[in-house]
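The values are calculated or read from the model by the stated rules, or taken from the named source; none is laboratory data. These numbers come from a predicted model, not from an experiment. When we count neighbours, we look across all protein chains shown, and the Cβ atoms used for this are built from the backbone with ideal geometry, even at glycine. Ligands, DNA and RNA are stripped out before the accessible areas are found, and what is left, the full protein with its side chains, is counted by its heavy atoms. Shrake-Rupley method; radii C 1.70, N 1.55, O 1.52, S 1.80 Å.
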Amino acid sequence: MIVRLAGEQDFDGFLGLAAQVECWFGPMVEDLGFHDAVRKHVRRSRAIVAVSSGPELLGGLLFAAKAPTCHVHWLVVSEQSRGKGVGRALMAEVVRRFVSGPGTVEVVTFGADHPGASVGGARVFYERLGFAPAEAADPGPEGGSRRVFRLAVT
């Protein structure tokens with residue numbers, strides 16, 4: 001697995017990842033706003049991908065970094081790659097490249113009552129990386145609850 005900055009050639013891969021999680025996040029594949037967000041993150045070097053020898057992305061991450069805080073906007077690992085360290089590698093690369101301590105990494109993920117919290121394992125994933133649950137966030141586009149998680153970086 002190689003983790004690197006995303007390029008324009010990865011756009012279709014982001015759409016492929018989005019298709020796998022629309023049940024949790026709401027429509028994205030046909031959403032021009034999502035297309036624009038991916039392209040903007042790629043242009044600003046704020047998109048990371050995990051790749052292997054195949055054409056599909058193993059995972060992708062979109063973020064914003066403004067010291068001392070890095071905001072993870074979107075992190076998806078392909079269904080067949082979950083539980084294999086892809087998400088951990090994406091997060092580690094963002095922290096290594098873009099977070100100089102002391103700082104904070106923030107992500108908004110599913111609330112405890114959201115099906116994506118247990119089925120997708122998002123909350124457990126972030127907790128295993130050392131993130132702590134914080135305040136509630138606005139509901140997601142599909143109406144599900146959300147919670148901010150924070151990680152202190154020294």
Identity of the residue in segment 26-43, of a type outside the set (Lys, Arg) and open to solvent by 50 Å² or more (accessible area, probe 1.4 Å), that ends up nearest to residue 112 (Cα to Cα): 27
Considering residues of segment 5-25 that are of a type outside the set (A, V, I, L, M, F, W, C) and free of Cβ contacts under 8 Å to residues at least 60 places away in the same chain only, the residue most open to solvent (accessible area, probe 1.4 Å): 9
Might you let me know whether segment 53-70 holds any residue that is touching a residue at least 24 places away in the same chain (Cβ under 8 Å), of a type outside the set (A, V, I, L, M, F, W, C), more than 21 Å from residue 6 (Cβ to Cβ) and open to solvent by less than 20 Å² (accessible area, probe 1.4 Å)? no
